[in-house]
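The values are calculated or read from the model by the stated rules, or taken from the named source; none is laboratory data. Being a predicted model, the structure only gives us computed values, none of them experimental. Here the Cβ positions follow ideal geometry from the backbone for every residue, glycine too, while neighbour counts run over all protein chains shown.
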Amino acid sequence: MAMKYCTECGKRISDQAAACPGCGHPNKSLSKNINRLYNGDKSIAVYLVLCWFLGIVGAHRYYAGKTGSAITMTILTITIIGILITSIWTLVDLIVGFCNISTPEKIFKK
């Protein structure tokens, strides 16, 4: 953890602080890092709900922008053996979605 000076009042603050404790001025370097993490317009919550209710047909993958694998899931679901495969695939996607809830950029295609 590094220390830096507040650009507003000049007090020493942590570079991890959201705002200066002395004057309340926001830490601009921290806000730039947070905004850089994920700028997408898609919600991980919607992804997980689609995966839970319509995952067997690949709806969550359509939402994530992964149309190739979504089409594969839809076609596999039509066949009898494919339902078992897509059920396991959906369960894996659900677990991966919950594990990456704080890092949605790993799920959504750019």
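Annotations
- Taking the range 88-106 as the range and being surrounded by 12 or more Cβ atoms within 10 Å (Cβ to Cβ), under 10 Å from the mean Cα position of the chain (by Cα) and modelled with pLDDT of 90 or more as the test, only Gly97 passes.
- Test: residue in the range 72-87 that is assigned to a loop (DSSP other than H, G, I, E, B) and more than 17 Å from the chain's Cα centre (by Cα): yes
- Qualifying positions in the range 84-106 - out of contact with any Gly (no Cβ under 9 Å at 6 or more places or on another chain) and of a type in the set (Phe, Trp, Tyr): Phe98
- Unique residue being small (Gly, Ala, Ser) and at pLDDT 85 or above when the list is Gly55, Gly24, Gly10: Gly55
- Top-ranked residue in the range 66-110 [being among the hydroxyl-bearing types (Ser, Thr, Tyr) and touching a helix residue (DSSP H, G or I) at 6+ places or on another chain (Cβ under 8 Å); ranked as farthest from Leu54 (Cα to Cα)]: Thr103
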